[in-house]
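Here the structure is laid out as structure tokens; the discussion comes afterwards.
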Amino acid sequence: LHPFLKQIHFENGAGHHKVLDSQEKSDEMYNIYNVWNFPSGLRQIVKIGTFSPNAQQGQELFLSDHMIQWPTGFTELPRSVCSESCAPGFRKSPQEGKAACCHACAPCPDNEISNNTDVHNCVKCPESHYANTEQNYCLKKSVSFLSYEDPLGMALSCIALGCSLLTVGVLGVFVKHHHTPIVKANNRVLTYILLITLIFCFLCPMVFIGHPNTATCILQQSTFAVLFTVALSTVLAKTLTVVLAFKITVPGRMMRRLMISRTPNFIIPICTLIQLVLCGIWLSTSPPFMDSDVHSEHGHIIIVCNKGSELAFHCVLGYLCFLALGSYTMAYLSMNLPDTFNEAKFLTFSMLVFFSVWVTFLPVYHSTKGKVMVAMEIFSVLASSAGLLGCIFAPKCYII
């Protein structure tokens, strides 16, 4: 009957022309009455309020509570015939197909609260706060970072210190037995440089642990990049020394000149200079900076170091992998050369470990957040350094 009813025109008792069209907004104001039964038997209708559907939200209903006369035995307001009141932490949700006064109580969305009854919309907590379990109050987030007091930070720092002390011990063994053929083989000076660099590589994670600031964020990436460049270029120089040592037996002035002029020793400063240029471009265009992560961990603001330019970070890491791949190729080609103290086989395995660690690091690094992301980078630094130390020097220490 609705299509027919909305076409009806009529005049009400006040002489106003009316159209029963549901699309038209009505400016009517409804009166609310209460039946007074005092004295007993006298049913008097008294106006106690008004209701205006088109008034501003929250001002539709005007009610004089003190004028309402409740029947004997009533001690509280009567409940709604279709909906209960929505407690704090919930909001009113309209129910399709039911009267406008009927609603469901829906819990507030994540990180939103309501601290009054029967609210229509929840309020979002600021980024520095989070909603409590009842979602009726915003609590301040605590600041968190990978600290030395944290079990994970303590474990990683102990591993770093232990490995650096172990490397110092290996260096002491090599210095004590510097006159032996196994130490003299493959350039003794390069061996010392590699061991000293590995000591600092193991200590490098100490910069990653603790409260980050602008200085430590810059030091984290630049120190890591330069130290590993020196280590890998030293390995490359050692593999080149092996190749030139066997090529010199073949007649040829060029090979002899390269060996006599100590050309392999120039690889370290050249490769390091290239990495320094890359780091300089990185720091001058978009350097790392201190940042806060408010979404990774509920109830915590995690202070982390933002890499700045992701492209520069991947270029630095790609250059390290390029050096590792070059050293691996050179060592692989010379690993079967006949010599009692040929360390090319050890260098090959060390580069294979290094390359594997950092290739695996990239997908895992980008799938983690917060403190776990920092711990993942520290673990990769320690694992690759341990791979160099173990694969190259463990067999030599065993022979000594």
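The values are calculated or read from the model by the stated rules, or taken from the named source; none is laboratory data. Computed from a predicted model, the values in this text were never measured in an experiment. Each accessible area value is taken on the protein alone, full model and side chains, heavy atoms only, with ligands, DNA and RNA left out. Shrake-Rupley method; radii C 1.70, N 1.55, O 1.52, S 1.80 Å.
The candidates Met290, Met373, arranged from most to least accessible area with a 1.4 Å probe in the full protein assembly, appear as Met290, Met373.
Split the accessible area of the range 142-217 by element, probe 1.4 Å, and carbon with sulfur accounts for 76%. When Tyr332, Tyr130 are compared by accessible area at a 1.4 angstrom probe, the order from most to least is Tyr332, Tyr130. The heavy atoms of Glu297 offer some 70 square angstrom of accessible surface to a 1.4 angstrom probe. Taken per residue, the accessible surface of the range 286-335 reaches 46 Å², heavy atoms only and a 1.4 Å probe. With all protein chains in place and ligands, DNA and RNA left out, the 1.4 Å accessible area ranks Lys141, Lys345, Lys98 as Lys98, Lys345, Lys141, largest first. Ligands, DNA and RNA are left out, and with a 1.4 angstrom probe the accessible area of the range 137-218 is 48 Å² per residue. All alpha carbon pair distances within the range 338-400 were sorted into 5 Å bins beginning at 0; the resulting P(r) in whole percents reads 4, 18, 22, 18, 13, 10, 7, 5, 2, 1, 0. Each residue was assigned an accessible area with a 1.4 Å probe, and for His300 the value is about 50 Å². Exposure check, 1.4 Å probe, all protein chains in place: Glu127 carries approximately 120 Å² of accessible surface. At q = 0.11, 0.24 Å⁻¹, what log₁₀ I(q)/I(0) does the range 158-236 have when each alpha carbon counts as one equal point scatterer in the Debye sum? So the normalised log intensities are -0.35, -1.10.
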